[in-house]
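Visitor: What follows is a structure written as structure tokens; I'll ask about it next.
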Amino acid sequence: MTEQAISKVTMDKLVSLCKRRGYIFPSSEIYGGLGACYDYGPLGVELKNNVKACWWKSVVQERDDMVGLDASILMHPQTWVASGHVDGFADPLVDCKQCRRRWRADDVGKPLGAVQVYDQVDASEARADLLPAAGQIVIRNIKIDGSNGAPQLESAGLVAGGIWLDRPLPKSEVQLIGDDFLLSPGNILYPNLRSYTIGFPLPSGAALGAQLKLVFRNPSGLLERVDFTVQFSGGVTKYEGGPYCPDCCGDLTEPRMFNLMFKTYVGAVEDEAEVVYLRPETAQGIFVNFENVLASTRRKLPFGIAQIGKAFRNEITTGNFIFRTREFEQMEIEYFVKPGSDDEWFQRWVDERLNWYVNLGIRRENLRLHQHAKDKLAHYAKDCTDIEYLLPMGWSELEGIANRTDFDLRQHARHSGKDLSYYDEDTKEHITPYVIEPSAGVDRSVLAFLVDAYDEEPDKDEVRVVLRLHPALAPIKVAVLPLSKNEKLLPLSQEVYNDLRRCWMVQYDNAQSIGRRYRRQDEIGTPFCVTIDFDSLEDNAVTIRERDSMKQIRVPIEALKPTLDAKMCGEPF
RNA sequence: GCGGGAGUAGCUCAGUGGAAGAGCCCCUGCCUUCCAAGCAGGUUGUCGCGGGUUCGAGUCCCGUCUCCCGCUCCA
């Protein structure tokens, strides 16, 4: 069922439906659009508001330990210095000239340093005990520039070369895997005070002055490359610099800076005005208000602050409809806990948040948790688990739950000079709380709810398209449909419509055939249709038709509201 | 930014240098009866933009803009 359902929905179909029915439009479309910006149409804004309302209800209204906040988008510029965004949120990027892949300059490693080539190695210096263990360095290749080195490499001579790494690597993590000419168990690893020399036989054809490339995997699993010139006198060779493409070891372009924070100016005269940023995350608005909330609401640990709001990131690469946009909306919680209880609360929030999606109708098998490897964590995080959804283009992150430790509060205390500690009355001491941050994307959630709800089923020669949205999320809860446009049905239909619309978003539609109107409501996800027919004029009863099963029940008009209410709260149809 | 794809009706798309089209959608009318029904009508186009070639360009050439997908990161 799942595989089938997923295979039915494609981004193209969904994008088309969204535009056709008024969920989501490309931004500024009459001017040709603006990349990666979208506008929520009449139905989209309802869905999005419902998603936010369900979240707010779940994490604020129904909890004792949470309060809300709505901080401004523009904040004091120092905020972003303290948070690390000014320094750390500008990505220098490089492109590989060979394979065209793009990398963060940080990720491609730093130059290895000098290379020495020896003309002779005394076998007694071999330190086989240092060759070892877990696989981190892999020497994969050595080439002679300007030729396809292979023929010359077949008869490796007795001469040995060495690579001198400026960055020493732990011995226990060093492994030389020599499945080609380069390495054999006899290869030599010289430990040095601050570096290693890895010995290897030079190809016999490598003449004095030959240009060599050494390519190997570094501890992160990325390729690194050293270019050097053979000098049999034992001297230090020329070092070509780097780094190189971690994927193919091709040459990279110069790093280019991309600032991921949108800048703007406070003050009407631009060149005298102060630079401020559009916030790249809502979280900092919570941290800077920690003391205000604490003082005004008399909270005790553990407690949390929830916020929904726009955030802006000048992404280099956007795309995938509303999944990755430069302007987006977040639903964030900063949940403050006593240090030591952070691991437990972290897990509780992961469970809590996962259940939220499931309770709103997303199939569990289309969700998964992804725990970040410790060495991939952001600088502020001790732990991080993503909630991922199986979108048509693959598993994609909807929400990240991070253990941010006390990093943010300490940073803001330091930069602002204010005391952001919490007085623990149990232990009579001041502590800086740890914080668990469940941070969800509104737009991504909307997309996931739409994708998961989208269904097609055969209907004679046609296909019935249904958005099986949870009633709490559906933009229109009820459609009121007179069976025909006959005037006699009008007064009662209007009466029912006007009564219901005081409770829910209701649509009135008398155009075209009843079947067509049902299908239209199915396609926009309306869970219930109420039909007024000629019998209604006599018996004061109407028909409720349910979206998913297309089943119908007849109820007295006076029982209509409570019946619909019960059905929307999950009573079986 | 690099690579690929695409711009023709609200949507999906066809269109061979010679009158801008189809299906769906939408709207109006008829119908006393329940799942995109039928019948009769109807609206909707700077063919992305600007040049050029040509008697004639949606079609060929050049330029340009925009959007989509992938590559990095993240909500």
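FYI, it's all coordinate maths here, none of it is from the lab. This one's a predicted model, so the numbers in the text were calculated from it and none came from an experiment. Cβ coordinates were reconstructed from backbone atoms using ideal geometry, including for glycine residues, and neighbour counts include every protein chain displayed.
Visitor: PRE reach from A:V45 (point 7 Å along Cα→Cβ): which of segment A:489-529 fall under 16 Å by backbone N?
Guide: The answer is A:505-506, whose backbone nitrogens lie closer than 16 Å to the label point.
Visitor: Would you calculate the separation in nanometres between label points at A:V275 and A:H415, each defined as 7 Å from the Cα along the Cα-to-beta-carbon direction?
Guide: Each label point lies 7 Å from its Cα, and together they span 1.4 nm.
Visitor: Next up: Run the simple label-point estimate for A:Q494 and A:I30 please: 7 Å along Cα→C-beta, distance reported in nm.
Guide: Result: 3.3 nm between the two label points.
Visitor: Among A:W504, A:L390, A:V465, which residue has its Cα furthest toward the positive end of the charge dipole of segment A:386-533, with +1 on Lys/Arg Cβ and -1 on Asp/Glu Cβ?
Guide: The residue sitting farthest along the positive end of the dipole is A:W504.
Visitor: Next up: Quick check on the exposure proxy: order A:D509, A:D419, A:D65 from fewest to most C-beta atoms within 10 angstrom.
Guide: Ordered from fewest to most neighbouring Cβ atoms within 10 Å, A:D509, A:D419, A:D65 come out as A:D419, A:D65, A:D509.
Visitor: Translational diffusion coefficient, Stokes-Einstein: compute it for segment A:272-323 using the Kirkwood radius over C-alpha pairs as Rh, at 37 °C and 0.692 mPa s, and state it as an integer in µm² s⁻¹.
Guide: 234
Visitor: Please find the FRET efficiency linking A:D64 to A:T427, where r is the Cβ-Cβ separation and R0 is fixed at 25 Å, and quote it to the nearest 0.05.
Guide: Given R0 = 25 Å and the Cβ-Cβ separation, E is 0.65.
Visitor: OK, next. What does the charge dipole of segment A:328-453 about its Cα centre add up to, to the nearest 20 debye, if the Cβ of each Lys and Arg holds +1 and the Cβ of each Asp and Glu holds -1?
Guide: Details: 15 positive and 25 negative charges, 51 e Å.
Charge dipole of segment A:328-453: 240 debye, to the nearest 20.
Visitor: For the residue pair A:D548 and A:S341, what label-to-label distance in nm results when each label sits 7 Å from Cα along the Cα-to-beta-carbon direction?
Guide: Between A:D548 and A:S341, the simple spin-label model gives 3.8 nm.
Visitor: Using a Förster radius of 51 Å, what is the FRET efficiency between A:R501 and A:T317 based on their Cβ-Cβ separation? Nearest 0.05, please. Intermediate values should be presented prior to the final figure.
Guide: Values: r = 44 Å, r/R0 = 0.85.
E between A:R501 and A:T317, to the nearest 0.05, is 0.70.
Visitor: Please identify the trypsin sites (Lys or Arg not before Pro) of segment A:489-573 that satisfy two criteria: DSSP loop assignment and at most 12 other Cβ atoms within 10 Å. Which are they?
Guide: Here the trypsin sites (Lys or Arg not before Pro) that fit, given the DSSP loop and packing criteria, are A:R502, A:K551.
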